Amino acid sequence: TIKIELQNRVNQIAKNYYNDYKQNEVHNLAILVIDVRTRNILAYVGNAPTDKFHKKDVDIIGAPRSTGSILKPFLFAQMLDAGEILPNTLVADIPTQISGYTPQNFDLTFDGAVPAQKALSRSLNIPAVLMLQNHGVNNFYELLQKFKLKDIKKQPSHYGLSLILGGAESNLWDLCRTYANLTSTLNYYNQTQGKYRTKEFSELNFSSNFKIDFGSNSHQKTILGAGSIYLTYQSMKEVNRPEGDEAWRFYDSSVEIAWKTGTSFGNRDAWAIGTNAHYVVGVWVGNASGEGRAALTGITSAAPILFDVFNLLPKQKWFQTPVNDLELAQTCSLSGYLAQNDCPKTKQFICKNGKKTSICPYHKLVHLDTSEQYQVNSNCESTTKIINKKWFVLPPVMQFYYKNSHVDYKLLPPFRDDCEVIQQGTMDFIYPKTDSKIYLTKNFNSAVQPAIFKVACSNKNAKLFWYIDRQFKGTTQTFHEMQISAQSGYHYITVVDESGNEISRKIEIIK
């Protein structure tokens with residue numbers, strides 16, 4: 001099934017990039033090109049034209065390697081399909097610690113909250129981990145087993161939440177086959193106005209004499225529905241990339257593809273896989289020996305090859321919208337949830353199961369005085385003078401980071417001094433998280449350094465009072481950070497505001 005002219009041109013691309021990358025001690029790469037309709041292999045580069053010392057005879061395409069972020073689109077699609085998220089549902093992007101596991105974004109920053117599809121196109125790690133936690137590792141593992149990713153063979157508990165960030169291994173062949181099967185699912189559904197094939201998820205084909213049996217027609221989806229695949233591919237389009245993503249410079253933007261990159265821990269593996277309606281292209285770059293290189297990332301090393309190969313292929317129109325597997329729904333334009341009465345609304349396509357998702361939890365009606373600078377209630381203000389306004393209010397920790405990157409985000413006004421009210425959820429710990437173990441380190445003088453605790457508070461003018469084991473430690477205003485030293489063992493940190501609202505954390509100090 002190999003197309004000789006295409007193979008020769010792909011070989012030349014591989015050679016050119018190998019000659020460039022070996023200057024950075026990166027000696028291996030692999031490229032696979034698949035015809036979606038037939039599952040035929042059109043071009044196959046198993047390795048770079050390297051030397052024997054750098055394992056030139058190893059076929060990288062079938063070799064198990066750490067997946068990095070390359071599995072994230074599968075989780076996004078499964079959650080859409082199950083009706084657990086909508087494309088723009090806000091997902092938390094905040095400091096996170098789960099049973100001792102502390103994921104970090106690649107750039108070590110936090111957005112506070114980010115739409116799920118932007119979290120995917122920007123490949124943010126913390127939202128992905130929180131999404132997997134909500135969805136369930138077992139559920140995601142079962143999907144990967146249905147895809148026949150044969151290198152993911154240990155129990156789900158072995159991988160845990162790291163499954164979404166490269167804690168498992170897979171290979172270029174299996175991953176590209178999965179994308180080809182998903183793309184074909186979407187194409188066939190559109191071509192037949194709503195049908196699937198029972199054996200859609202098939203093997204790839206090397207032999208021109210062999211024709212794959214795709215089974216019989218069915219109205220039941222094989223694994224994922226066409227709607228969830230389409231919405232996932234929409235999120236993976238090049239036009240959705242943020243301005244900071246420089247991979248665009250390698251690519252003719254008139255060619256629309258859905259694509260994803262991945263970089264494994266230690267910069268050992270660089271992935272890029274993309275698809276349009278007719279082709280899947282997969283690229284892996286790295287060292288067969290497993291040696292990492294600082295500059296080796298999916299976006300800088302694998303994506304340029306991906307785009308160069310796609311530019312060899314005939315241009316294709318973007319996927320048709322599978323309208324029979326989607327519904328137009330009113331969603332909140334700020335939170336991405338199904339809209340409630342107080343939300344600014346927009347219409348968008350969602351999966352049919354998306355109707356089961358929650359309505360927006362972040363918009364509420366607030367009561368202000370005539371200056372609109374303070375919240376009031378009927379105990380302190382005449383009802384004829386109260387102004388009602390719809391307000392977008394995030395939880396304190398999400399808000400703390402979100403407002404820094406969203407200048408249009410307005411903090412909720414404080415209550416006027418003469419209004420008696422118990423405010424719930426106005427502050428929360430950024431650090432420490434629940435039941436944290438705090439390891440105190442020593443400086444160069446062997447002195448134990450204090451821990452720095454941090455709180456987010458909705459009221460920017462609030463004064464907070466800090467206690468450890470009921471002993472007063474100090475007051476903060478504006479920037480709520482407190483250095484605290486304590487003996488080894490268990491302690492309670494308590495923070496109280498001027499209205500008497502308090503939050504507490506149990507911690508364990510370890511020296």
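Look through the range 475-495, keep the residues that are modelled with pLDDT of 85 or more, in a strand (DSSP E or B) and not polar (S, T, N, Q), and return whichever of them is farthest from VAL455 (Cα to Cα). I'd like the intermediate steps shown before the answer.
Of the range 475-495, the ones modelled with pLDDT of 85 or more are 475-477, 479-483, 487-495.
Keeping just the survivors that are in a strand (DSSP E or B) gives 475-477, 481-483, 489-495.
This time we only want the ones that are not polar (S, T, N, Q), so: 481-482, 489-493, 495.
Working: GLU481: 7, MET482: 9, GLY489: 22, TYR490: 20, HIS491: 17, TYR492: 15, ILE493: 11, VAL495: 8 Å.
In this case the residue turns out to be GLY489.
Inside the range 144-158, can you point out the residues that are surrounded by fewer than 20 Cβ atoms within 10 Å (Cβ to Cβ) and touching a helix residue (DSSP H, G or I) at 6+ places or on another chain (Cβ under 8 Å)? First the steps, then the outcome.
First pass over the range 144-158, keeping only residues surrounded by fewer than 20 Cβ atoms within 10 Å (Cβ to Cβ): 145-146, 148, 150-151, 153-158.
Within the range 144-158, LYS148, LYS150, ASP151, PRO156, SER157 qualify.
Among the residues of the range 273-291, is any part of a strand (DSSP E or B) and not assigned by TED's automatic domain parsing to the domain that holds SER69?
Filtering the range 273-291 for residues part of a strand (DSSP E or B) gives 273-275, 279-286.
Then keep just the ones that are not assigned by TED's automatic domain parsing to the domain that holds SER69; that gives none.
No; the residues of the range 273-291 include none that is part of a strand (DSSP E or B) and not assigned by TED's automatic domain parsing to the domain that holds SER69.
Against the condition of a type in the set (Asp, Glu), modelled with pLDDT of 90 or more and part of a loop (DSSP other than H, G, I, E, B), how does GLU372 come out, does it pass? Quick ask: steps written out before the conclusion?
Working: of a type in the set (Asp, Glu): yes; modelled with pLDDT of 90 or more: yes; part of a loop (DSSP other than H, G, I, E, B): yes.
So GLU372 passes the test.
Answer yes or no as to whether TYR362 is aromatic (Phe, Trp, Tyr), without any contact (Cβ under 8 Å) to a residue 40 or more places away in the chain and in contact with a Phe, Trp or Tyr (Cβ under 8 Å, 6 or more places away or on another chain). Lay out the reasoning, then the answer.
Details: aromatic (Phe, Trp, Tyr): yes; without any contact (Cβ under 8 Å) to a residue 40 or more places away in the chain: no; in contact with a Phe, Trp or Tyr (Cβ under 8 Å, 6 or more places away or on another chain): yes.
No; evaluated as a whole, the condition is false for this residue.
Going through the range 175-193 one residue at a time, which ones are surrounded by fewer than 21 Cβ atoms within 10 Å (Cβ to Cβ) and either of a type in the set (Lys, Arg) or modelled with pLDDT of 95 or more (or both)? Explain how you work it out, then say what you get.
Let us first name the residues in the range 175-193 that are surrounded by fewer than 21 Cβ atoms within 10 Å (Cβ to Cβ), namely 187-188, 190-193.
Scanning the range 175-193 gives ASN187, TYR188, ASN190, GLN191, THR192.
Grab the strands (runs of 3 or more DSSP E) fully contained in the range 21-123, keeping just those with 1 or more residues being crowded, with 16+ Cβ neighbours inside 10 Å and acidic (Asp, Glu). If you could, list the steps in order and put the result at the bottom.
Details: elements: 28-35, 41-45, 90-93, 112-115.
Here the list reads 28-35, 90-93.
Among the listed residues ILE386, ILE359, which satisfies the condition of being of a type in the set (A, V, I, L, M), closer than 25 Å to ASP81 by Cβ and surrounded by 11 or more Cβ atoms within 10 Å (Cβ to Cβ)?
Values: ILE386 fails: closer than 25 Å to ASP81 by Cβ.
That would be ILE359, the only listed residue that is of a type in the set (A, V, I, L, M), closer than 25 Å to ASP81 by Cβ and surrounded by 11 or more Cβ atoms within 10 Å (Cβ to Cβ).
Please verify whether the range 207-217 includes one or more residues that are at positive phi and either at pLDDT 95 or above or within 28 Å of the chain's Cα centre (by Cα) (or both). Quick ask: steps written out before the conclusion?
Filtering the range 207-217 down to residues at positive phi leaves 215.
Going one step further and asking which of them are either at pLDDT 95 or above or within 28 Å of the chain's Cα centre (by Cα) (or both), we end up with 215.
Checked the range 207-217: at least one residue is at positive phi and either at pLDDT 95 or above or within 28 Å of the chain's Cα centre (by Cα) (or both).
Going by the conditions given, is LEU182 closer than 23 Å to THR261 by Cα, in a helix (DSSP H, G or I) and touching a Pro at 6+ places or on another chain (Cβ under 7 Å)? Step through it out loud before you land on a result.
Values: closer than 23 Å to THR261 by Cα: yes; in a helix (DSSP H, G or I): yes; touching a Pro at 6+ places or on another chain (Cβ under 7 Å): no.
It is false that LEU182 is closer than 23 Å to THR261 by Cα, in a helix (DSSP H, G or I) and touching a Pro at 6+ places or on another chain (Cβ under 7 Å).
Can you tell me which of ASP93, ASP51 is in contact (Cβ under 8 Å) with a residue 40 or more places away in the chain and among the acidic types (Asp, Glu)? I'd like the intermediate steps shown before the answer.
On the way: ASP51 fails: in contact (Cβ under 8 Å) with a residue 40 or more places away in the chain.
The conditions single out ASP93.
Kindly provide the set of residues from the range 136-159 that are touching a residue at least 60 places away in the same chain (Cβ under 8 Å) and not in a loop (DSSP other than H, G, I, E, B), ordered by number.
At the first step, the residues of the range 136-159 found to be touching a residue at least 60 places away in the same chain (Cβ under 8 Å) are 139-140, 143-144, 146-147, 151.
Those that are touching a residue at least 60 places away in the same chain (Cβ under 8 Å) and not in a loop (DSSP other than H, G, I, E, B): ASN139, PHE140, LEU143, LEU144, LYS146.
In the range 285-305, is there at least one residue being without any contact (Cβ under 8 Å) to a residue 40 or more places away in the chain and under 30 Å from GLN193 (Cα atoms)?
Within the range 285-305 (the criterion being without any contact (Cβ under 8 Å) to a residue 40 or more places away in the chain and under 30 Å from GLN193 (Cα atoms)), the answer is no, since none of the residues qualifies.
Is it true that some residue in the range 340-358 is touching a Lys or Arg at 6+ places or on another chain (Cβ under 7 Å), in a strand (DSSP E or B) and either at pLDDT 95 or above or closer than 30 Å to LYS410 by Cα (or both)?
As a first pass, look at the range 340-358 and keep what is touching a Lys or Arg at 6+ places or on another chain (Cβ under 7 Å): 342.
Filter once more, so that each one left must be in a strand (DSSP E or B): none.
Within the range 340-358, none of the residues are touching a Lys or Arg at 6+ places or on another chain (Cβ under 7 Å), in a strand (DSSP E or B) and either at pLDDT 95 or above or closer than 30 Å to LYS410 by Cα (or both).
Out of SER485, SER458, which single residue is among the hydroxyl-bearing types (Ser, Thr, Tyr), closer than 27 Å to TYR409 by Cβ and surrounded by 13 or more Cβ atoms within 10 Å (Cβ to Cβ)? Break it down stepwise before answering.
On the way: SER485 fails: closer than 27 Å to TYR409 by Cβ.
Going through SER485, SER458 in turn, the sole match is SER458.
Considering only the range 374-388, state which residues are more than 20 Å from ASP417 (Cβ to Cβ) and in contact with a strand residue (DSSP E or B) (Cβ under 6 Å, 6 or more places away or on another chain). Lay out the reasoning, then the answer.
As a first pass, look at the range 374-388 and keep what is more than 20 Å from ASP417 (Cβ to Cβ): 384, 388.
ASN388 - this is the single residue of the range 374-388 that is more than 20 Å from ASP417 (Cβ to Cβ) and in contact with a strand residue (DSSP E or B) (Cβ under 6 Å, 6 or more places away or on another chain).
Which of the residues spanning the range 75-93 are closer than 17 Å to GLU142 by Cα and in contact with a Phe, Trp or Tyr (Cβ under 7 Å, 6 or more places away or on another chain)?
Within the range 75-93, LEU75, GLN78 meet the criteria.
The values are calculated or read from the model by the stated rules, or taken from the named source; none is laboratory data. Bear in mind the structure is a predicted one, so any value in this text is a computation, not a measurement. Heads up, the Cβs are rebuilt from the backbone with ideal geometry, glycines too, and the neighbour counts pull from every protein chain shown.
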